[in-house]
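Derivation of every value follows stated rules applied to the coordinates shown; laboratory data play no part. Since we're looking at a predicted model, the values are computed, not measured. Note: ideal-geometry Cβ built from the backbone for every residue, glycine included; neighbour counts use all protein chains shown.
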């Protein structure tokens, strides 16, 4: 079963409403929104553009694999707009069986983000590895382009102007800690995505949020408020915490 999450805009950055507001047992398929959270640059990001490619940090997937993920997302959106081969050059992705490569069939959490002129145009994804990377890119590209509830469906005219980003998440792992000081010492700013949960409440911040909230205590306080908890809830040592990492591939 899949959990999908939404993002919305906040100034020049993104506010992620894909907050993990618990519902872990009640209705895991229902998209939920949360209080707030910041999404900005700073993940393990590879940028593709006419002037070249930039890889800030080595990750699990290569530049060529990232290029294929971006082509798959764009091809999927183009197909759903009814574009033919002449208008959608990414159909050549299917020519040599590239989609059958092994890594496409690994199960990972996937987000697809759309921007036009550096403004959010849609973003939907899943934190948990419920489906393969290939299926996650296909599903979330469609949902981000046509089913993000805060936007009208993407048009053919916008298709030619939209920039696509695909984020691949590692499987969240439980963080064992003893008390607030131990928790602070074990989190790695700028690297760890963090999921907190307590009862039916929960929320997440992607690693990118550290750029806006670089102080670990401040980061945790904002995350607790996002989950609908008191800002000092993390100090009580009662939260279940999971961490994950992100590798981003972005058109530019």
- Multiply the residue gap between residue 80 and residue 119 by 0.36 nm, knock off their C-alpha separation, and tell me the result in nm, one decimal place. 11.8 nm
- Note on the structure: Between the alpha carbon centres of the range 189-235 and the range 124-158 the gap in Å comes to 25 Å
- Given labels modelled 7 Å from the Cα in the Cβ direction, how far is it in nm from residue 238 to residue 101? 4.8 nm
- Task: List 161, 225 from most exposed to least, where exposure is judged by having the fewest other Cβ atoms within 10 Å.
- Result: 161, 225
- Ascending count of other beta-carbon atoms within 10 Å, so fewest first, for 226, 180, 71: 180, 71, 226
- Item | For the range 92-229, alpha-carbon Rg over 2.2 N^0.38 Å | 1.23
- Query: Stretch residue 147-residue 218 to full length: gain in nm at 0.36 nm per residue minus the Cα-Cα span?
  - Reply: 22.2 nm
- Can you sort 221, 167, 200 by how many other beta carbons sit within 10 Å, fewest first? 200, 221, 167
